[in-house]
Amino acid sequence: MAVGIQSKVKSFFRSNLKRRRRLSSPSSEYEYKKLRNTSATTIEDDVGPKLDLQLESPFFRNLPIEIRRMIYELVWSEPHDHKYHTLRGRHIHFVDGHWINMRCVMYEDDEDLDLIQKNMDIVHNSGKGDLVMWQQRLASTWGGRHWRCEERVQYGTQKSVDGTNFMSMMLVCKRMLPEVMESILESHQFIFNDFFSAHRFFTCNPSPYITHIRHLDLSLSLPFYEYAPFIVDRPKSRVRELWEALERISCLHDLRISLDIYDHGPWRKIPERGVTAQLKNLEVLGKFTVELPPSLPIRTHTPNMQNLDAHEELPFKIVRRPPLRYWQFTPGDVERFGWKTHTKGQQSHCFITIDRAARRIPNPYLLDLF
Ligand SMILES: [Zn+2]
């Protein structure tokens, strides 16, 4: 039934397009001059003298903006939407000088943050399967839940599921463009899985329509140097720039920010209090989640490195990823390991013990050595 409605909607736009061509005759010029002397001049002045308000189109003349928005929503409906977990989720990333958006193909089961390691448990216990392949997914900087989407990007899989009506709708007419842009941003969930793309999208000449984003998911796996300014309280930081840009989005309904660090192997520790301090200023109308690395028994002396768990009331919900139990410490050999803490006097140290080998891997965080 949805397909039928969609085809009707599309034919409506096509007939509108033909009408627009007819309006390029001198009569439209007459209408335009007439409009300059009517109450509609405000719109003309805002958008420039060449805009045709398309008032001969029944779409604009007869339908209020609320109905037009409902029609745009129908245009965005895709036949594959019911298969996937995210509400019209689109991965946005900047590759080779171009912005690319692809459908998020994660399933509901992928929300389980331990799903990859559960699969590794099965392979480890049965001896059947490819642990190295699962290890690559576990170590991915895309976060645990979007590994299917990342592999589609890596292997260049192009499917009809990625197709959108965005461009065809944006090209209908100048009058429709702002409404179309607002509807695209309001009706989709935008997912960023690399910091470079997110920072560029929100801080480098951002689109004026960005404030219409309603559903946003950021999975940021950063190198240690991006977190370092928060340990020494340096004000200049690209992460802070991104947070400030998010504050300008006035009507966020859902926001998830997943933070991780990738250059310390299986160790996961970030200066949580410093990094998230600015997130308290964000206004999110609905669900606001900050996903953090597991709370490991790593001793630290810097206040910014302390955990957020026993902190004051926060405007966001904290979700912690489960501790890692698999890693590839030597190439080609994925090992299962455990976490141990050794206490001597007032000092305690955290280290990794390999299940099938009598060796320990020390904590690489310099702060723990003090
Ligand atoms: Zn995805």
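No value in this document is a laboratory result; all are computed from the given coordinates. Since the structure is predicted, the reported quantities are computational estimates derived from the model, not experimental observations. Using ideal geometry, Cβ is built from the backbone for each residue, glycine included, and neighbour counts are taken over all protein chains shown.
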(message) Less than 12 Å Cβ to Cβ from Asp233, Lys/Arg counted +1 and Asp/Glu -1: what total charge do the surrounding residues give?
(response) +4
(request) Quick one: which residues, 5+ away or cross-chain, put their amide H under 5 Å from the amide H of Arg320? H built at 1.01 Å from N. (result) Leu292
(message) Please report the net charge: other residues with Cβ closer than 13 Å to the Cβ of Leu292, K and R +1, D and E -1.
(response) +3
(message) With the crude spin-label approximation of a point 7 Å out along Cα→Cβ, what separation in nm comes out for Arg234 versus Ile100?
(response) 3.2 nm
(message) Between Glu151 and Asn62, what is the label-point separation in nm under the 7 Å Cα-to-beta-carbon projection?
(response) 5.1 nm
(request) State the extension gain, in nm to one decimal, for the chain segment bounded by Ala357 and Phe196, taking 0.36 nm per residue of separation less the distance between their alpha-carbons. (result) 54.1 nm
(request) Neighbouring Cβ atoms within 10 Å as the yardstick, rank Cys104, Cys350, Cys149, Cys251 fewest first. (result) Cys251, Cys350, Cys149, Cys104
(message) What's the ranking of 227-239, 168-180 by average number of surrounding C-beta atoms within 10 Å, highest first?
(response) 168-180, 227-239
(request) Please give the FRET efficiency for Leu282 paired with Phe329, using the beta carbon to beta carbon distance and R0 = 51 Å, rounded to the nearest 0.05. (result) 0.85
(request) Mind sorting Thr330, Thr341 by how few other Cβ atoms lie within 10 Å of their own Cβ, fewest first? (result) Thr330, Thr341
(request) Find out how many positive minus negative residues lie around Asp110, taking Lys and Arg as positive, Asp and Glu as negative, among other residues whose Cβ is under 9 Å from that of Asp110. (result) -2
(request) Between Asp109 and Asn205, with labels modelled 7 Å along Cα→Cβ, what's the label distance in nm to one decimal, could you check? (result) 4.5 nm
(message) Give me the extension gain from Lys340 to His82: residue separation times 0.36 nm, minus the current Cα-Cα distance, reported in nm with one decimal.
(response) 88.5 nm
(message) Just want the ordering: Glu111, Glu78, from fewest to most Cβ atoms lying within 10 Å of their own Cβ.
(response) Glu111, Glu78
